[in-house]
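Notes for the one structure printed next.
The values are calculated or read from the model by the stated rules, or taken from the named source; none is laboratory data. Fair warning: this is a prediction, and the values are worked out from it, not measured in the lab. With ideal geometry, Cβ positions are generated from the backbone for all residues, glycine too; neighbour counts draw on all protein chains shown. Just the protein is used for accessible areas: all its heavy atoms, side chains included, with ligands, DNA and RNA removed. Shrake-Rupley method; radii C 1.70, N 1.55, O 1.52, S 1.80 Å.
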Amino acid sequence: PISRFEYQVAICHEVWSRFQALASLAGLKKMSAKTSQKVQALAWLAVQVSASQINGGSREYSPAELSRLIGIKPDNWQHNYLPRWSLLISACNDYDNEVIGYVGRQLKAERHRRRDCRVPV
């Protein structure tokens, strides 16, 4: 069986892929390897925020927390990382909405299958 951690890693990979597409569309300049590594760490945190919201929580990170967690100065956060953080959150929200829609469609199809399989009395 797949562990919860493996699911989280898979979700982060999907969010990262979506983020890269959004960053390209938004015209963000190419990141250095060091910046990319830090933004990848932010992807994990963005997924945590998104999961918290779905589960009725309110986990948020302040800009000061985020800059501290990835080891940058707050001024650097505002200029270089905030736009990327916003895109990561958007990527999470888009992915969540897509998955929720998919699950809803699957449940609806299952209800239809069950209804169609009933034996008339």
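With each run of n ≥ 4 DSSP H residues scored as -39500 (n - 2.57), what mean residue ellipticity at 222 nm is computed for the chain after dividing by its residue count and rounding to the nearest 500 deg cm²/dmol?
The helix-only estimate for the chain comes to -25500 deg cm²/dmol at 222 nm.
Would you tally the net charge around Ala26, using a Cβ to Cβ cut-off of less than 14 Å, leaving Ala26 out, and scoring K and R as +1, D and E as -1?
Every neighbour counted, the sum reads +3.
Which trypsin sites (Lys or Arg not before Pro) does segment 58-121 hold that lie in a coil by DSSP with at most 10 other beta carbons within 10 Å?
Arg118
Apply the Karplus curve 6.51 cos²θ - 1.76 cosθ + 1.60, θ = phi - 60°, to the phi angles in segment 75-82 and return the couplings in whole Hz, x for Gly and Pro.
5, 5, 4, 4, 7, 10, 10, 4
Looking at Ile70, Ser17, Val47, which one has the Cα that reaches farthest to the positive end of the dipole of the chain (charges on Cβ: Lys, Arg +1; Asp, Glu -1)?
Ser17
Write down the accessible area per residue of the chain in Å², having rolled a 1.4 Å probe over the full set of protein chains.
70
Name the residue farthest towards the positive end of the dipole of the chain from the options Gly56, Gln106, Leu88, assuming +1 on Cβ of Lys and Arg, -1 on Cβ of Asp and Glu, about the Cα centre.
Gln106
At q = 0.14 Å⁻¹, what log₁₀ I(q)/I(0) does the chain have when each alpha carbon counts as one equal point scatterer in the Debye sum?
-0.67
Protein chains only, probe 1.4 Å: how do Tyr95, Tyr81, Tyr102 rank by accessible area, largest first?
Sorted descending by solvent-accessible area, the residues read Tyr102, Tyr95, Tyr81.
Leaving ligands, DNA and RNA out of it, report the carbon-plus-sulfur percent of the accessible area of the chain at a 1.4 Å probe.
That fraction is 56 percent.
Report, by chain and number, residues whose modeled amide H sits under 5 Å from the one on Tyr61, excluding near sequence neighbours (fewer than 5 apart, same chain).
Amide H neighbours of Tyr61, under 5 Å, 5+ apart: none.
Which shape class applies to segment 33-78: rounded if a/c is under 1.5, otherwise prolate when a/b exceeds b/c and oblate if not, where a ≥ b ≥ c are the square roots of the Cα gyration tensor eigenvalues?
Because a/c hits 1.5 or more and a/b fails to exceed b/c, segment 33-78 counts as oblate.
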